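Below you'll find the structure, written out as structure tokens, and then a few comments.
The values are calculated or read from the model by the stated rules, or taken from the named source; none is laboratory data. The structure displayed is predicted, hence computed values, not measured ones. All Cβ positions, glycine included, derive from the backbone under ideal geometry; neighbour counts span all protein chains shown.
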Amino acid sequence: MRCPFCAAIEDKVVDTRPSDGDQVIRRRRECTGCQRRFTTYERIELVLPLVVKKDGRREPFDRAKILSGLTKACEKRPVPIHVIEKQIDLIEHSLQELGDKEVPSSKIGDAVLAALRTIDEVAYLRFASVYMSFQDAGELMNEVRRLTQAKSGDPR
């Protein structure tokens with residue numbers, strides 16, 4: 001592991017703990033070059049499907065892209081990062097359970113929308129406005145109405 005401070009390769013593990021319900025190992029390391037400490041996380045490498053984009057391109061599933069989208073949607077909202085990471089874990093887990101070698105990007109987008117709907121309504125609307133490509137304020141208002149009606153139990 002390369003030291004993020006001095007780029008030395010040698011370090012020693014000072015502390016090791018399980019994290020995230022024993023799904024991740026957290027290691028505190030000390031660089032033997034500069035003696036500064038840093039933290040690394042190890043998680044099981046999961047076999048996730050390729051993502052099929054709208055234009056037909058295929059690319060590997062990228063957790064960081066989902067984290068970026070959720071973080072942007074939740075910006076300046078009272079949503080802790082651990083809640084966002086938990087939702088990403090659930091999305092990854094559901095993709096693994098499918099067992100498919102490929103999954104359309106729309107399926108991932110729909111899963112992100114569903115997660116945001118339960119986390120924060122404003123974040124949901126932010127993400128939905130981009131993901132659903134609303135053409136005007138009327139479409140956004142229709143989605144706000146659907147969201148508030150679903151919340152109140154109104155079937156309209």
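At least 2 residues that are in contact (Cβ under 8 Å) with a residue 24 or more places away in the chain and surrounded by 12 or more Cβ atoms within 10 Å (Cβ to Cβ) in each: list the strands (runs of 3 or more DSSP E) lying fully within region 1-59 that qualify. Correct list: 24-31, 37-43, 50-52. Note on region 60-92: residues that are out of contact with any Ser or Thr (no Cβ under 7 Å at 6 or more places or on another chain), surrounded by 11 or more Cβ atoms within 10 Å (Cβ to Cβ) and part of a helix (DSSP H, G or I) total 20. Filtered by the rule that a residue be surrounded by 15 or more Cβ atoms within 10 Å (Cβ to Cβ) and either in a helix (DSSP H, G or I) or under 18 Å from the mean Cα position of the chain (by Cα) (or both), region 130-139 gives a lone residue, 131.
Suppose we keep only residues that are under 22 Å from residue 53 (Cβ atoms) and among the aliphatic types (A, V, I, L, M) within region 77-103. Which one would you say is modelled with the lowest pLDDT? Step by step, filter region 77-103, then rank; the result is 98.
Residue 81 satisfies every condition listed in (1) of a type outside the set (D, E, K, R); (2) under 15 Å from the mean Cα position of the chain (by Cα); (3) not assigned by TED's automatic domain parsing to the domain that holds residue 120 except (3). Suppose we keep only residues that are of a type outside the set (Ser, Thr, Tyr) and surrounded by fewer than 17 Cβ atoms within 10 Å (Cβ to Cβ) within region 108-129. Which one would you say is nearest to residue 58 (Cα to Cα)? Of everything passing the filter in region 108-129, 110 is nearest to residue 58 (Cα to Cα).
Counting the residues of region 60-105 that are out of contact with any strand residue (DSSP E or B) (no Cβ under 9 Å at 6 or more places or on another chain), of a type outside the set (D, E, K, R), closer than 18 Å to residue 132 by Cα and in contact (Cβ under 8 Å) with a residue 24 or more places away in the chain gives 5.
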